[in-house]
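Participant: Structure in C-alpha cells, see below.
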Amino acid sequence: MPGRLFPVGGPVSERDIVDREDFIGSIESRLADGQSIMLAGPRRIGKTSIAYEVLRRLKERGFYTAAVDFFRLSDKREFAVSLINACLENRTGIRRTLETLKDRAKSVAGLAKLTVKFRDLEFSVDFLRDDPDEIALLDYALDLPEVLANRDKKNMVVLFDEFQDASRVAGRAEIYKKMRSHFQNHQNVSYLFLGSKEGMMNSLFGNRREAFYRFATVLPIPPILEESWTEYISQRFAEQHIKTDEETIKEILQRTGGHPQDTMLVCSEIYYALLETGEKTVTLEYVRIGHDRALLTLAQVYDEILDEIGQRVSAREVLKRLAAGDKVYAKGNPNETKRVLDVLVSKAIIEKKGRGSYKFVEPMFQEYILREF
C-alpha cells in the first residue's frame, strides 16, 4: 500500500523497525526469563513499536500479553478496567470484556447476585457498576495477571506505556507503592515499563526511596546506525521504482539526525512530492522539499514542547542560543541558565555532550527554533 511506504504517526510493523533486531531479541529473552524491563526515551523514537513487536513475538511463543497506555487514561477506574480487559482479551479475543459482563449481569436477576462468573473467574457485581469500589476494583486488576497466568498455566508479560503518568492517573506516589506491593509477589508475570520522561523514569527505578527501585532492568535504547537507515530507505524507495543515491540519503539523515519518526516523516513527504510531479529520482531538491513539508507537520509537536517548558523568556532565549550555536552562558543569570538547561535535558529536548556543551536530540527541532525565533 503506497501510503504506508514510510509509516508515521504511531507504532510500526516489524518490517519498518530499523536496526533493532538484536535489541528486540534481548528484551524478548529477558522478559521470557521472568525479568522486568524499563525503557525510557523521548516520544516518537520508537519505544512503543519495539515493545509491541516484543509482545507479538512472545504471543507467538504462547505467552499471554497485555498492554495499558497511561497517556490515554484519566482515573483509577479507567486504569483498572483497562488492565482487566487487556488481561481477559487473552481468553476472549475481545477488548471490552467488562462491558460484556455488565450486560450479562443485568440480565441475571437484575444484578441481584453477588458475583458474575466468567469461566473460572469471579467478578463482584460491584465491579460492574458505574460507581464501583475503586480500591477493590484496582486491587483485583493488579492481581489479575498472576491469577490468570496461574489458572491457565501460562507465563504473562504486561506492558505499561507512559508509566510515569500513573501518578497523574491514579494518585501520586501511592499508586506506585500499591503496584509494587502486588507485582513483587507475581511469579509468572514480567513487566515492560515505557516512559517518555527519562528523568522521572530513571528516578522511579533508580532512586532507593522510590517504590520501584531496582524492580526492573533499565536498558538504554541504542541509536540506529547510518548504514541501516541507508539500506532501509533505499530499499523502500526501490519498491516503488524510485532511485536514490548515497548523497541524497546522507542529506536526509543529516537533516533528521536519524531520529526514527522524523526520518520516516521526511521520507514520506519526499515520496508524496515525487508522486505529485511524476518523478522517479530523489534529488537534493526533493530532500529540501520533504524536509520543509515535514517541519510544517511537526510545528504542532514542537509548539507543544515549547508550551511544556513554559513561556518564560529565559527558556526560549537559551534554546535560541543553543540552536544558533552561541555560547549558552553568554548572557543572563548563570544560575537561571543552568536551571533551564537541566529542564531541557530532563525533557530530552537536548543532551549534554561535554562541559558546557549540548546538542538537540532532534536536529529538526533545532531548525524549527532557528526559523521561528
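Participant: Dipole magnitude of the chain about its Cα centre, charges +1 at Lys/Arg Cβ and -1 at Asp/Glu Cβ only, in debye to the nearest 20? Let's see the in-between values first.
Facilitator: Numbers: 57 positive and 58 negative charges, 226 e Å.
The dipole of the chain has a size of about 1080 debye.
Participant: Find the relative contact order for the chain and round it to a whole percent, using C-alpha pairs within less than 8 Å whose residues are 6+ positions apart.
Facilitator: Numbers: 498 pairs, mean separation 68.8, N = 373.
Rounded, it is 18 percent for the chain.
Participant: With charges only on Cβ, +1 for K and R and -1 for D and E, what is the dipole size of segment 228-369 about its Cα centre, in debye, rounded to 20?
Facilitator: Numbers: 20 positive and 23 negative charges, 179 e Å.
In debye, rounded to 20, segment 228-369 gives about 860.
Participant: Right, next: On a 0 to 90° scale, report how tilted helix 334-346 is relative to the longest principal axis of the chain, with both axes built from alpha carbons and the result rounded to the nearest 10.
Facilitator: Rounded to the nearest ten degrees, it is 60.
Participant: May I pose another question? Between the alpha-carbon centers of segment 281-316 and segment 203-243, tell me the distance in whole angstrom.
Facilitator: One Cα centre to the other: 22 Å.
Participant: Can you tell which of Tyr286, Asn335, Met364 lies farthest toward the positive end of the dipole of segment 239-364, using +1 and -1 charges on the Cβ of basic and acidic side chains (Lys, Arg; Asp, Glu)?
Facilitator: Checked the options; the winner is Asn335.
Participant: Still on this structure, I have one more. If you roll a 1.4 Å probe over the chain with all protein chains in place, what percent of the accessible area is carbon or sulfur?
Facilitator: Working: 8890 of 18790 Å².
Of all accessible area on the chain, carbon and sulfur atoms account for 47 percent.
Participant: Given contacts defined as C-alpha pairs under 8 Å and at least six residues apart, what's the relative contact order of segment 198-310, whole-number percent?
Facilitator: Values: 90 pairs, mean separation 20.3, N = 113.
It comes to 18 percent, rounded to a whole number.
Participant: Mind running the shape call on the chain? Use the C-alpha gyration tensor, a ≥ b ≥ c as the square roots of the eigenvalues: rounded below 1.5 for a/c, prolate if a/b tops b/c, oblate otherwise. Before the final figure, lay out the partial values.
Facilitator: Numbers: a/c = 2.19, a/b = 1.56, b/c = 1.40.
Prolate, because a/c is 1.5 or more and a/b exceeds b/c.
Participant: Something else about it: Seen from all sides and averaged, what is the projected area of the convex hull of the Cα atoms in segment 239-350, in nm²?
Facilitator: Numbers: hull surface 32.6 nm².
Averaged projected hull area, Cα only: 8.1 nm².
Participant: May I pose another question? Can you compute 3J(HN,Hα) from phi for each residue in segment 32-47, using the Karplus curve 6.51 cos²θ - 1.76 cosθ + 1.60 with θ = phi - 60°, rounded to whole Hz and x for Gly and Pro?
Facilitator: Ordered by residue, 3J(HN,Hα) equals 4, 7, x, 6, 9, 10, 10, 10, 10, x, x, 4, 6, 9, x, 4 Hz.
Participant: Right, next: Hey, with R₀ at 35 Å, roughly what FRET efficiency would Leu296 and Lys331 work out to, going by the Cβ-Cβ distance, to 0.05? Write out the running numbers ahead of the final one.
Facilitator: On the way: r = 31 Å, r/R0 = 0.88.
Efficiency, rounded to the nearest 0.05: 0.70.
Participant: With unit charges on the beta carbons (Lys and Arg positive, Asp and Glu negative) and the dipole taken about the Cα centre of the chain, which residue among Asn188, Val318, Ile221 sits farthest to the positive side?
Facilitator: Asn188
Participant: Restricting to Cα pairs below 8 Å that are 6+ residues apart, what does the relative contact order work out to for segment 126-223? Please round to a whole percent.
Facilitator: Details: 93 pairs, mean separation 24.6, N = 98.
Reported as a whole number, the value is 25 percent.
Participant: Moving on. Counting only residues 5 or more places away or on other chains, whose amide H sits under 5 Å from the amide H of Thr217 once H atoms are built in the peptide plane?
Facilitator: Ser36, Ile37, Met38
Participant: Given the Cα-Cα distance of Gln184 and Ile221 and 0.36 nm per residue of separation, how much length would full extension add, in nm? Please list the in-between numbers first.
Facilitator: On the way: separation 37, 0.36 × 37 = 13.32 nm, distance 2.53 nm.
Value of the extension gain: 10.8 nm.
Participant: Would you please give the residues with an amide H less than 5 Å from that of Ile350, counting only those at least 5 places away or on a separate chain, with H modeled from the backbone geometry?
Facilitator: Hits under the 5 Å cutoff: Val345, Val361.
The values are calculated or read from the model by the stated rules, or taken from the named source; none is laboratory data. None of these values were measured; they are calculated from a predicted model. Heads up, the Cβs are rebuilt from the backbone with ideal geometry, glycines too, and the neighbour counts pull from every protein chain shown. Accessible surface is based on the protein model in full, side chains and every heavy atom, while ligands, DNA and RNA are left aside. Shrake-Rupley method; radii C 1.70, N 1.55, O 1.52, S 1.80 Å.
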